[in-house]
1. Between ARG43 and GLU9, what is the label-to-label distance in nm when each label sits 7 Å out along the Cα-to-Cβ direction?
2. Could you give the accessible area per residue of segment 2-61, probe 1.4 Å, as a whole number in Å²?
3. How charged is the neighbourhood of GLU37? Take every other residue with its Cβ under 14 Å from the Cβ of GLU37, and add Lys/Arg as +1 and Asp/Glu as -1.
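The values are calculated or read from the model by the stated rules, or taken from the named source; none is laboratory data. Quantities reported herein were computed from a predicted structural model and do not represent experimental measurements. Cβ placement follows ideal geometry from the backbone for every residue including glycine, while neighbour counts extend to all protein chains displayed. These area figures cover heavy atoms from the full protein model, side chains too; ligands, DNA and RNA do not enter into them. Shrake-Rupley method; radii C 1.70, N 1.55, O 1.52, S 1.80 Å.
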Amino acid sequence: TVAAARDPELAAGLADALTPAVGRGAAHDAAAEAVREAARGGRSLREVIRARGDVDVDALLAAVPDTGEAAAQVDAALADHRRLIEGTP
């Protein structure tokens, strides 16, 4: 969904936050694993990062641009369009 569009920036923020402690390669690997874990578990990347406990997810989110209500509005419009083209109510 559009609401998940902030995930790439959040993953990049995680990698940046981890780089000083573990190095760039390991930080990118950890961020990629967090993304995979979120996808496998059907969880948000925010939840996965928060569960790590070693990174302040709120600080990462503060640095990520917020699309606000626009994301929900676009998701609703896409759902309406999908129902229209599929002929479902």
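1. 2.3
2. On the way: 3360 Å² over 60 residues.
So segment 2-61 comes to 56 Å² accessible per residue, rounded to a whole number.
3. That sum, taken over residues with Cβ under 14 Å, equals +2.
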